[in-house]
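K.L.:
Right, I'll just put the structure down here and ask away after.
The values are calculated or read from the model by the stated rules, or taken from the named source; none is laboratory data. Predicted model only: the values in this text are computed from it and were never measured. Virtual Cβ from ideal backbone geometry, glycine too; neighbours counted across all protein chains shown.
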Amino acid sequence: MRLELVTGNVHKREEFSRILAGLGCPFPVEVLNVSSVTERGSTYYQNAYRKARAGLLAIKATARERCIVMADDSGLELPAFGSIPGIYSARFEYAHLREREAMTAFLRDQQVSCTPARFVCQMVVFVPWSEPCFSCEGIVSGFVTPEPRGSAGFGYDPLFVPEGYSVTYAEMDTGLKDRISHRAVAAAKLWSFAREGLGLRP
């Protein structure tokens with residue numbers, strides 16, 4: 001048994017591997033890169049579903065069915081600014097910059113010292129021998145800072161401070177982030193489903 005994560009982001013694979021291992025999941029997480037899938041949906045769920053479904057078809061085409069196929073779509077939302085960048089987090093552009101640099105420039109131009117934010121992770125999971133799919137969501141609220149802090153993590157991690165903490169994801173010990181992040185919340189639901197719903201055990 002193994003978990004196939006449909007993604008082109010190696011950081012996600014590393015993070016999900018650590019999180020699931022910490023939850024007691026004994027199965028390895030491998031990357032299934034389906035290059036033909038683009039994130040054109042209007043919701044996190046639609047994007048995650050498209051990727052997971054494409055991964056399922058790829059798995060079935062090669063008769064490698066003893067695995068769980070999963071995909072996620074994650075995003076940072078700023079409610080005060082219309083929940084941008086949201087589903088466009090990986091493609092956010094501002095002032096000819098992209099992603100974290102674009103968000104830093106945006107916050108600076110808005111003269112924002114800090115503003116409420118939340119990280120969302122939507123996961124869709126297919127089990128080749130037990131359709132339909134299972135979906136779960138992880139949400140962590142907090143705020144974003146106008147300047148990046150910390151060198152760990154990836155994406156918007158140096159800008160996001162989760163509620164109840166004074167440090168960004170990128171300033172945290174990896175073990176702590178792996179226990180409290182939006183992906184950790186979603187992965188805990190995934191592993192609970194695998195254990196209870198599918199009867200998988202170490």
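K.L.:
For residues that are touching a strand residue (DSSP E or B) at 6+ places or on another chain (Cβ under 6 Å) and among the polar types (S, T, N, Q), tally how many sit in region 151-180.
P.N.:
Residues flagged as touching a strand residue (DSSP E or B) at 6+ places or on another chain (Cβ under 6 Å) and among the polar types (S, T, N, Q) within region 151-180 amount to 1.
K.L.:
Within the bounds of region 89-102, is there any residue that is of a type in the set (A, V, I, L, M), surrounded by 19 or more Cβ atoms within 10 Å (Cβ to Cβ), under 16 Å from the mean Cα position of the chain (by Cα) and within 23 Å of Ala187 (Cβ to Cβ)? Spell out how you get there, then give the answer.
P.N.:
Of region 89-102, the ones of a type in the set (A, V, I, L, M) are 90, 95, 97, 102.
From what is left, the residues that are surrounded by 19 or more Cβ atoms within 10 Å (Cβ to Cβ) are none.
No, region 89-102 has no match at all.
K.L.:
Just checking, does region 52-73 include any residue being modelled with pLDDT of 95 or more and not aliphatic (A, V, I, L, M)?
P.N.:
Within region 52-73, one or more residues are modelled with pLDDT of 95 or more and not aliphatic (A, V, I, L, M).
K.L.:
If I go through region 28-52 residue by residue, how many of them are touching a residue at least 40 places away in the same chain (Cβ under 8 Å) and touching a strand residue (DSSP E or B) at 6+ places or on another chain (Cβ under 7 Å)?
P.N.:
Initial filter on region 28-52 (touching a residue at least 40 places away in the same chain (Cβ under 8 Å)): 39, 41-45, 47-49, 51-52.
Among the residues that remain, those that are also touching a strand residue (DSSP E or B) at 6+ places or on another chain (Cβ under 7 Å) are: 39, 44-45, 47-49, 51-52.
The qualifying residues number 8.
K.L.:
Then there is this: With respect to Phe154, is the statement that it is part of a strand (DSSP E or B) and either surrounded by fewer than 20 Cβ atoms within 10 Å (Cβ to Cβ) or modelled with pLDDT of 95 or more (or both) true? Reasoning before the result, please.
P.N.:
Numbers: part of a strand (DSSP E or B): no; either surrounded by fewer than 20 Cβ atoms within 10 Å (Cβ to Cβ) or modelled with pLDDT of 95 or more (or both): yes.
Against the criterion (part of a strand (DSSP E or B) and either surrounded by fewer than 20 Cβ atoms within 10 Å (Cβ to Cβ) or modelled with pLDDT of 95 or more (or both)), Phe154 does not qualify.
K.L.:
While we're here: Could you check region 112-140 and list, in sequence order, the residues that are exposed (fewer than 15 other Cβ atoms within 10 Å of the Cβ) and either assigned to a strand (DSSP E or B) or not aromatic (Phe, Trp, Tyr) (or both)?
P.N.:
Of the residues in region 112-140, the ones exposed (fewer than 15 other Cβ atoms within 10 Å of the Cβ) are 113-114, 116, 129-132, 139.
Across region 112-140, the qualifying residues are Ser113, Cys114, Pro116, Ser130, Glu131, Pro132, Ile139.
K.L.:
I've got another one for you. How about region 9-46: which of its residues are modelled with pLDDT of 90 or more, of a type in the set (Gly, Ala, Ser) and assigned to a loop (DSSP other than H, G, I, E, B)?
P.N.:
Result: Gly24, Ser42.
K.L.:
Is at least one residue of region 191-198 of a type in the set (Lys, Arg), surrounded by fewer than 20 Cβ atoms within 10 Å (Cβ to Cβ), touching a Cys at 6+ places or on another chain (Cβ under 6 Å) and outside any loop (DSSP other than H, G, I, E, B)?
P.N.:
Our first condition is that a residue be of a type in the set (Lys, Arg); within region 191-198, this holds for 195.
Narrowing further to those that are surrounded by fewer than 20 Cβ atoms within 10 Å (Cβ to Cβ): 195.
Now narrow it down to the ones that are touching a Cys at 6+ places or on another chain (Cβ under 6 Å): none.
No.
K.L.:
Limited to region 4-27, what total is found for residues that are in contact (Cβ under 8 Å) with a residue 12 or more places away in the chain, farther than 16 Å from Ala188 by Cβ and surrounded by fewer than 16 Cβ atoms within 10 Å (Cβ to Cβ)?
P.N.:
So the count comes out to 3.
K.L.:
Restricting attention to region 115-173, which residues are aromatic (Phe, Trp, Tyr) and in contact with a His (Cβ under 7 Å, 6 or more places away or on another chain)? Steps first, answer last, please.
P.N.:
To start, the set of residues in region 115-173 that are aromatic (Phe, Trp, Tyr) comprises 119, 126, 129, 134, 143, 154, 156, 160, 165, 169.
Selection gives Phe119, Phe154.
K.L.:
Can you report the number of residues in region 172-198 which are under 19 Å from Pro158 (Cβ atoms) and in contact with a Phe, Trp or Tyr (Cβ under 9 Å, 6 or more places away or on another chain)?
P.N.:
The qualifying residues number 7.
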